[in-house]
Amino acid sequence: AQSVTQLDSQVPVFEEAPVELRCNYSSSVSVYLFWYVQYPNQGLQLLLKYLSGSTLVKGINGFEAEFNKSQTSFHLRKPSVHISDTAEYFCAVSEETSGSRLTFGEGTQLTVNP
Amino acid sequence: NAGVMQNPRHLVRRRGQEARLRCSPMKGHSHVYWYRQLPEEGLKFMVYLQKENIIDESGMPKERFSAEFPKEGPSILRIQQVVRGDSAAYFCASSPPIFKETQYFGPGTRLLVL
């Protein structure tokens, strides 16, 4: 069964600083990987996804992530954050062989300070 | 193109009552998923349905919880005899028949059991 670990529960940064949110997964089969963002009292919005192909994936709002199979990681990055990026970020994985259900990490709260 | 719709957005029930949560998938989507988010936790998969079929209910509690996705109308998540531990945000997601790896989430229903 797959599992997802988000290594940091809270990440405080200053505006315009770079940020990396870490995600590691565990699976014995091929996976699809996702990052979602959740603003307070709202649903989840898809930031980006890796299904196949290039390991560097670009998403919305200037975010990107890199799939590293050997390290089983899918870290999310942004070179310069804005106050509006303050939100909860969730990494998720689904396995090719187990249907479409997503397994989520516990989330990382990104707080951007002025 | 309307997104995934859920209603009600907020639901208050007393212990022992029934809760019915509704989800209308995006147009053209025939796959529906339900997830539960307990306070301060990530989302946990509950059930995956297609029209008139339950595909995967491995995340559903064995008692009091049921889900359906009829031929016509929204998907329903039903919780009978609610208890305080059922208080959570319940999210519905939908995906198209072909690229079912990518799920689009609704705004959620926040259930509070008094």
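Side notes on the structure shown:
- Residue identified as at pLDDT 90 or above, out of contact with any Cys (no Cβ under 6 Å at 6 or more places or on another chain) and under 22 Å from B:M46 (Cβ atoms) among A:K49, A:K58: A:K49
- If you go through region A:67-84 and pick out every residue that is without any contact (Cβ under 8 Å) to a residue 40 or more places away in the chain and surrounded by 16 or more Cβ atoms within 10 Å (Cβ to Cβ), you end up with 1.
- Looking at B:R110, B:R36, B:R13, B:R20, just one residue is closer than 15 Å to A:R101 by Cβ and touching a Leu at 6+ places or on another chain (Cβ under 8 Å), and that residue is B:R36.
- Residues within region B:23-54 that are of a type outside the set (K, R), closer than 19 Å to A:V93 by Cα and buried (at least 16 other Cβ atoms within 10 Å of the Cβ), tallied: 13
- Here the condition is being of a type in the set (G, A, S), over 15 Å from the mean Cα position of the chain (by Cα) and either loosely packed, with under 13 Cβ neighbours inside 10 Å or away from chain B (no Cβ under 14 Å) (or both); of A:S9, A:S52, it holds for A:S52 alone.
- The single condition among (1) away from chain B (no Cβ under 12 Å); (2) out of contact with any Phe, Trp or Tyr (no Cβ under 8 Å at 6 or more places or on another chain) that A:F74 does not meet is (2).
- Of the criteria (1) within 11 Å of chain B (Cβ to nearest Cβ); (2) exposed (fewer than 12 other Cβ atoms within 10 Å of the Cβ), which one A:Y32 fails: (2)
- Identification of strands (runs of 3 or more DSSP E) wholly contained in region B:48-110 with 1 or more residues that are in contact with a Gly (Cβ under 9 Å, 6 or more places away or on another chain) yields B:53-56, B:88-95.
The values are calculated or read from the model by the stated rules, or taken from the named source; none is laboratory data. Because the structure is a prediction, the values reported are computed rather than measured. No Cβ is skipped: glycine too gets one built from the backbone with ideal geometry, and neighbour counts run over all protein chains shown.
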